[in-house]
Amino acid sequence: MLIAAQVPAAPLDVRYIGSKACSGCHRAIYEKYIRTAMGQSVAKPATELLAEPVQLHDAALNRDYRVFRRGNALFQSESEQRDGKIVFETEHQLEFAIGAGQNGISFAVRRADHLFQAPLSYYAAAKRWDFSPGFEQTSAGFNRPILEACIVCHAGRPNAVPHSEGRYLDPPFSEMAIGCENCHGPGQLHLQERSRGPGKLPDTSIVNPRRIPARLAEDICMQCHQAGDARVLMPAKSYADFRPGRPLAETVAIFALPSQAKDADLLEHHTAMKSSKCYRATNGKLSCLTCHNPHEQPDRAGAAEYFRGKCMNCHNESSCRIDLAVRRKTTPADNCIGCHMPKRDVARISHSALTNHRIPGRSGTGSGASLPDSPGLVWVNQPPGEFRLPLMTRLAAYGELMTQSPALESKYFELLEEAQRTTAEDPLLLAALGRRALLARAPEAAELLSKAEGKGPLSTVSYLDLSEALTQSGRIEDSTRALERGESAFPFSQAIRKRLILAYVRQKDYAKAKLALERYVQDFPEDGFMRGLLSQAQMPR
């Protein structure tokens, strides 16, 4: 492919060097960029956010949540009182602030080598603290893991441990905020060449998104600004494998359900733009970079004039049907995006586009046509030309989406049968076959799931499946050992740890059961049922 020849920075063995290394030669760009939302996407929490301690009460849970300072650090706590006495209280330091503060800021706490979202966030529009998005539905406290699939779009270079749920290396981030290399690719080669002199132009040691085909430049933006209904990593790929200048589809496939309109623009910038009249009128030449300069971000006061200038590159004063005198009386005056790209009023942090990128919105526009070999699915980031989806990627997509669209279930099982004939040693396939056998109470379930563990790391669900399959086969001790391995892989999985405590009890190993229960309550003190069991276990007999 042409781009591969133009951009030697794309290979995986070229090292990242960090944005500060870029600032030496690109000081003006760097100084502007670090003031943008992307340039401040993850940072150390600022104590200035908290003028005085904050306390919120959740009546449904009868729990209190506090934000307070201790020295130069911010902390949050969760507690419960009953009859005037504290039943439990746990607190954690806020280690990282996630979000630039334009809409709001969420926070990460560190528990051992894991990162979890704190229950309270700061909402800039309302200028107050409140529960983090979705907390009301999960009541997760300090137990909502920050997964790599989420943080990869908020941070520069997260150091997530593969196949884990919120586990990170130390430090968790090689670069906290989104940096130069997220869009330009790793800079080692560029720095080496430029340290020897100006070099030749065009510069092929680094990716310049404006000098590559628009679709490949859009892929750089799409990795974070296009959610879809499901994202599936390509076989043997991780999120860290994506390189600007290469098709995003080599790393991750983004799928959408064609029956669902995307009028909410819930991180659907790319599909929204492609459905716009402007995009169609330019035969696809319009791209993110037509209107956005990632190096700078106009403030709220200057945004209308800034983007009006972008519109005027293609339009003129007579393009608008509203009389100029009327337009000049609006506030702000003659505001193109105010009419054609209206913002939704979102006072809380949410994964929403805020700005309507349909120019103007086109009600009911779907996300595209289904693929011939994947009926019911739209491959949103499908690259041009011949690029066939791997069987296991399609299987994973159907498996993830069939809960949203039950009509996809038959295709999932069809692909499962096909994969069984052609991809028999894949650990994900073996785990899926093992789960199907387990639900049917078939004797081969334990063998399939054990084989899956031998081929590659299991998920929390698969460890639970393996334990249950071994129990059904009468292999009680093996079932317990599987749960112990699951706890080692996922030390903050409440489901695995509860099942392990029960397994010790069933084996009448009460000493291990009590020790495991004590450790569980120490890690999850908010679990009232398990606290009650521990109280009973500690009562003299």
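The values are calculated or read from the model by the stated rules, or taken from the named source; none is laboratory data. Since the model is a prediction, treat every value here as computed from it, not as a measurement. As a convention, Cβ positions derive from the backbone with ideal geometry for all residues, glycine included, and neighbour counts pool all protein chains shown.
When region 37-57 is limited to residues that are assigned to a loop (DSSP other than H, G, I, E, B) and either in contact with a strand residue (DSSP E or B) (Cβ under 6 Å, 6 or more places away or on another chain) or at pLDDT below 95 (or both), the one that is nearest to R211 (Cα to Cα) turns out to be A37.
Among the residues of region 68-112, those identified as under 25 Å from the mean Cα position of the chain (by Cα), assigned to a strand (DSSP E or B) and among the hydrophobic types (A, V, I, L, M, F, W, C) are L74, F75, L94, F96, A97, I98, I105, F107, A108, V109.
State yes or no: is A452 crowded, with 20+ Cβ neighbours inside 10 Å, outside any loop (DSSP other than H, G, I, E, B), at pLDDT 95 or above and in contact with a Pro (Cβ under 9 Å, 6 or more places away or on another chain)?
Working: crowded, with 20+ Cβ neighbours inside 10 Å: yes; outside any loop (DSSP other than H, G, I, E, B): yes; at pLDDT 95 or above: yes; in contact with a Pro (Cβ under 9 Å, 6 or more places away or on another chain): yes.
Against the criterion (crowded, with 20+ Cβ neighbours inside 10 Å, outside any loop (DSSP other than H, G, I, E, B), at pLDDT 95 or above and in contact with a Pro (Cβ under 9 Å, 6 or more places away or on another chain)), A452 qualifies.
A count restricted to region 84-118 and to residues that are aromatic (F, W, Y) and modelled with pLDDT under 95 stands at 0. Checking each residue of region 200-208 against the condition of being touching a helix residue (DSSP H, G or I) at 6+ places or on another chain (Cβ under 9 Å), assigned to a helix (DSSP H, G or I) and either in contact (Cβ under 8 Å) with a residue 40 or more places away in the chain or surrounded by 15 or more Cβ atoms within 10 Å (Cβ to Cβ) (or both) gives no match. Given the structure, is E175 among the acidic types (D, E), surrounded by 22 or more Cβ atoms within 10 Å (Cβ to Cβ) and either within 28 Å of R110 (Cβ to Cβ) or free of Cβ contacts under 8 Å to residues at least 60 places away in the same chain (or both)? It is false that E175 is among the acidic types (D, E), surrounded by 22 or more Cβ atoms within 10 Å (Cβ to Cβ) and either within 28 Å of R110 (Cβ to Cβ) or free of Cβ contacts under 8 Å to residues at least 60 places away in the same chain (or both). Residue pairs whose Cβ atoms lie under 8 Å apart, sitting 6 or more positions apart in sequence or on different chains, and linking a residue in region 33-62 that is exposed (fewer than 12 other Cβ atoms within 10 Å of the Cβ) to a partner that is in a loop (DSSP other than H, G, I, E, B), are A60/S139. Mind listing just one residue for me: the one in region 147-175 that is in contact with a Lys or Arg (Cβ under 8 Å, 6 or more places away or on another chain) and at pLDDT 95 or above and, of those, nearest to A227 (Cα to Cα)? Only one residue fits best here, namely A160.
Screening the candidates E487, E468 for the property of being modelled with pLDDT of 95 or more and under 20 Å from F116 (Cα atoms) yields one hit, E487. Does A272 satisfy the condition of being part of a helix (DSSP H, G or I), touching a residue at least 60 places away in the same chain (Cβ under 8 Å) and not polar (S, T, N, Q)? Against the criterion (part of a helix (DSSP H, G or I), touching a residue at least 60 places away in the same chain (Cβ under 8 Å) and not polar (S, T, N, Q)), A272 qualifies.
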